[in-house]
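Here's the structure, in structure tokens; my notes come after.
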Amino acid sequence: MMALMPVAEALAHVLDGAEPLPAQAVPLGEALGRVLAKDLVALRTQPPDAVSAMDGYAVRAEDVAHAPVTLTVIGEVAAGHPFNGAVGPEQAARIFTGGVLPPGADAIVIQENTTRERERVTVQAVVKPGRNVRRAGLDFSRGDVLLRRSHRLTARDLMLAAAMNYPAVPVHRRAKVGVLATGDELVPPGSQPGPGEIVYSNGFGLSALARSEGAEVLDLGIARDRIDATAAAIRRAREAQCDVLVTMGGASVGDHDVVQQALAAEGLALAFWKIALRPGKPMMHGRLGGMAVLGLPGNPVSSFVCAVLFLVPLLRRLAGRLDISAEMQDAVLGHGLPENDERADYLRSTLVEGPDGEPIATPLPLQDSSMMAPLARANCLLIREPHAPAAPAGSPCRILKLGT
């Protein structure tokens with residue numbers, strides 16, 4: 001019988017051999033949250049010319065070294081319509097925000113500091129060279145590396161990429177995740193469960209979690225507790241070229257737990273089964289050719305916690321991200337806890353800000369792995385390492401925040 005594997009060792013097995021998926025070009029409008037497959041180099045300079053930052057008059061600073069002074073207006077400059085001439089001594093050009101600075105001018109007098117009468121403008125304030133001018137290349141220059149490989153694109157990044165003149169960007173392909181539930185007792189939401197039946201719920205949470213990480217999800221439905229039915233669903237995942245297959249339930253070795261048998265019949269190379277984790281001890285991992293397999297427990301809380309700890313880092317690795325580790329932080333205990341046994345414990349907890357601003361994590365009173373209401377109430381998992389000693393309220397602890 002396999003010994004219980006520590007969580008960190010199990011995660012290392014899950015990530016072993018997982019490489020970022022191939023690159024593809026994606027239009028900017030579809031690239032939010034995707035991960036760059038290579039550095040992006042600016043294809044242009046921004047702004048390409050010196051431009052006005054304000055509405056006013058383009059002048060030579062030496063002509064307005066003293067004020068007031070009256071200048072002759074020789075033309076007008078609007079954004080997208082550069083001035084054909086040049087500003088000479090004691091001359092000015094009416095200019096609007098974004099207009100290209102005319103040759104000869106080196107400063108902008110804002111319109112509030114001027115008075116205009118026909119083709120004459122009186123400047124009431126002194127300006128220095130460069131005043132209210134955005135120089136060429138102020139934002140970036142052609143050839144600058146502005147977005148790096150492995151960066152997950154934000155809304156702000158898409159604005160920048162567009163300004164760099166990219167209509168599409170090279171990103172890693174989305175992972176395809178097959179989600180398969182097993183169990184004769186499961187019926188879909190909206191059904192009227194019969195004796196011994198329960199409403200299927202796990203897959204909705206895991207699918208949403210996978211999609212939040214940018215994956216494409218293939219719902220493989222609910223397989224009955226038969227080897228042939230389960231094997232058929234596994235083959236559908238392979239035929240669909242899933243990168244990851246997630247099964248829920250049936251991964252143990254009871255008479256009605258057929259997932260391991262079906263996977264073995266299909267050629268699974270088993271990496272581990274059973275980990276030193278609560279909730280989530282009966283978790284399995286292996287590979288079927290190029291497809292990673294995560295066999296999660298059937299209990300909903302166990303299934304979700306295992307997905308947070310193992311599926312999410314795997315999807316991030318496949319997406320090309322560098323920040324794949326769980327996002328943990330320090331907190332203090334809201335109430336005391338007894339010593340722990342040989343399994344790492346991930347307690348569903350609430351996180352609030354204490355009177356001194358410190359985060360306080362308080363485990364919910366009921367931690368049964370079948371209970372979804374406490375899981376929905378929790379906003380973090382409080383981590384208790386194996387054999388952790390008893391800890392009183394106020395003791396330091398580590399937590400993993402749960403996303404929305």
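The values are calculated or read from the model by the stated rules, or taken from the named source; none is laboratory data. None of these values were measured; they are calculated from a predicted model. Virtual Cβ from ideal backbone geometry, glycine too; neighbours counted across all protein chains shown.
Where strands (runs of 3 or more DSSP E) sit wholly within the range 1-95, those with at least 3 residues that are of a type outside the set (Phe, Trp, Tyr) and either touching a Phe, Trp or Tyr at 6+ places or on another chain (Cβ under 8 Å) or crowded, with 18+ Cβ neighbours inside 10 Å (or both) occupy 56-59, 69-77, 91-95.
Residues in the range 106-139 that are in contact with a Ser or Thr (Cβ under 6 Å, 6 or more places away or on another chain) and crowded, with 20+ Cβ neighbours inside 10 Å: ILE108, VAL121, VAL123. Within the range 285-300, the set of residues being surrounded by fewer than 24 Cβ atoms within 10 Å (Cβ to Cβ), in contact with a Cys (Cβ under 9 Å, 6 or more places away or on another chain) and within 18 Å of VAL258 (Cα to Cα) comprises LEU294 only.
Restricting GLY196, GLY205, GLY183, GLY178 to residues that are at positive phi and in contact (Cβ under 8 Å) with a residue 40 or more places away in the chain narrows the list to GLY183.
Just to be sure, is LEU311 in contact with a strand residue (DSSP E or B) (Cβ under 9 Å, 6 or more places away or on another chain), modelled with pLDDT of 95 or more, part of a strand (DSSP E or B) and crowded, with 20+ Cβ neighbours inside 10 Å? In short, no.
Has the range 322-344 got any residue that is under 28 Å from THR182 (Cβ atoms), in contact with a Lys or Arg (Cβ under 9 Å, 6 or more places away or on another chain) and surrounded by 23 or more Cβ atoms within 10 Å (Cβ to Cβ)? No.
Listed conditions (1) small (Gly, Ala, Ser); (2) surrounded by fewer than 16 Cβ atoms within 10 Å (Cβ to Cβ); (3) assigned by TED's automatic domain parsing to the domain that holds ARG211 are all met by ALA181, apart from (2). Confirm whether GLY286 is without any contact (Cβ under 8 Å) to a residue 24 or more places away in the chain and not hydroxyl-bearing (Ser, Thr, Tyr). Against the criterion (without any contact (Cβ under 8 Å) to a residue 24 or more places away in the chain and not hydroxyl-bearing (Ser, Thr, Tyr)), GLY286 qualifies. In the set GLY403, GLY357, only one residue is small (Gly, Ala, Ser), surrounded by fewer than 12 Cβ atoms within 10 Å (Cβ to Cβ), out of contact with any helix residue (DSSP H, G or I) (no Cβ under 7 Å at 6 or more places or on another chain) and assigned to a loop (DSSP other than H, G, I, E, B); that residue is GLY357.
Look through the range 129-157, keep the residues that are of a type in the set (A, V, I, L, M) and assigned to a loop (DSSP other than H, G, I, E, B), and return whichever of them is farthest from PRO47 (Cα to Cα). The residue in question is LEU153. In this structure, does GLY190 turn out to be over 21 Å from the mean Cα position of the chain (by Cα) and either under 22 Å from ARG321 (Cα atoms) or not basic (Lys, Arg) (or both)? For GLY190, the condition - over 21 Å from the mean Cα position of the chain (by Cα) and either under 22 Å from ARG321 (Cα atoms) or not basic (Lys, Arg) (or both) - is met.
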